[in-house]
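Participant: This is the structure I want to talk about, given as structure tokens.
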Amino acid sequence: MSSLLSRRAFLRGRVEGEQSPGIRPPWALEETAFKAACDGCGACLWSCPQNILVRGEDGLPQIDFAKGACDFCGDCVKSCDRKALLRSDERPALAVKAVAGASCISSQGVACRVCGDFCEPMAIRFPPSLGGSVHPQINLSACTGCGACVAPCPVGAIEMRA
């Protein structure tokens, strides 16, 4: 089994032993504290009405934005008996923001504004550009990190980053 993990890490460009935690559920504790508190029971996975929480490579929950967006309902927090997820008004639910990559077809002259259409807080805009193609501009202060723009992108150019 360890050779399979080594091969997987190699193919994903990771250093031996390094494991990407992915994006944790909303209101997750800081990564070290989260790993200490979460036992991987899966209660948050089953409670998510959006079905976007999955088990990561480490067996702990993470968000898969390819499955949809987070509506910040808090059901995952309510289901977490171990308190690895703690809702707080003092910090954002998710510490990630949308980023449009170079593969965005809008910047290649194709009229596509799908990500902006799905962005409820209207954080994604397409400002006019003289004689050229437009590229989505993301207002990071307006972006909630919900990930609604990720799944509908026809080329997978939008990703969520910390």
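Nothing in this text is a laboratory measurement; each read-out follows from the coordinates by a stated rule. Bear in mind the structure is a predicted one, so any value in this text is a computation, not a measurement. Counting neighbours? That spans all protein chains shown, and the Cβs are built from the backbone with ideal geometry, glycine included.
Participant: Kindly state, to the nearest 0.05, the FRET efficiency for residue 95 paired with residue 125, given R0 = 22 Å and r defined as their beta-carbon distance.
Facilitator: Efficiency, from the Cβ-Cβ distance: 0.45.
Participant: OK, next. Check which residues have an amide H placed less than 5 Å from residue 148's amide H, if you skip close sequence neighbours.
Facilitator: Sorted by chain and number, the residues that satisfy this are 70.
Participant: Additional query: To the nearest 10 degrees, how steeply does helix 2-11 sit against the main Cα axis of the chain, on a 0 to 90 scale?
Facilitator: Computed tilt is about 20 degrees.
Participant: How high is the relative contact order of the chain, in percent, with contacts defined as C-alpha pairs under 8 Å that are six or more residues apart?
Facilitator: After rounding, I find 22 percent.
Participant: Would you pull out the residues with amide H under 5 Å of residue 60's amide H, same chain only if 5 or more places away, H placed 1.01 Å from N?
Facilitator: none
Participant: Okay, next question. In cubic angstrom, how much convex hull volume per residue do the alpha carbon atoms of segment 21-92 span?
Facilitator: So the per-residue hull volume is 81 Å³.
Participant: Simple spin-label model, 7 Å along Cα-to-Cβ: residue 71 to residue 135 in nm?
Facilitator: In this crude spin-label approximation the distance works out to 3.4 nm.
Participant: In whole Hz and in residue order, list the ³J(HN,Hα) couplings for segment 59-67 that follow from phi through the Karplus curve 6.51 cos²θ - 1.76 cosθ + 1.60, θ = phi - 60°; x for Gly and Pro.
Facilitator: Listing the rounded values in order: x, 9, x, 8, 8, 10, 5, 5, 8 Hz.
Participant: As a test of the formula, what do you get for the chain when each DSSP H run with n ≥ 4 contributes -39,500 (n - 2.57) and the sum is divided by the residue count, at 222 nm and rounded to the nearest 500 deg cm²/dmol?
Facilitator: Rounded to the nearest 500, it is -4500 deg cm²/dmol.
Participant: Separate question: Send over the per residue convex hull volume for segment 96-162, Cα only, as a whole number of Å³.
Facilitator: Per-residue hull volume (Cα only) is 75 Å³.
Participant: Any lysines with Cα under 21 Å of the residue 97 Cα? List them, leaving off those in the same chain fewer than 8 positions away.
Facilitator: Output for residue 97: 67.
Participant: State the extension gain, in nm to one decimal, for the chain segment bounded by residue 33 and residue 108, taking 0.36 nm per residue of separation less the distance between their alpha-carbons.
Facilitator: Gain on extension, residue 33 to residue 108, equals 22.7 nm.
Participant: Any chance you could get the radius of gyration and Dmax over the Cα atoms of the chain, in Å?
Facilitator: Gyration radius and largest Cα-Cα distance of the chain: 17.6, 56 Å.
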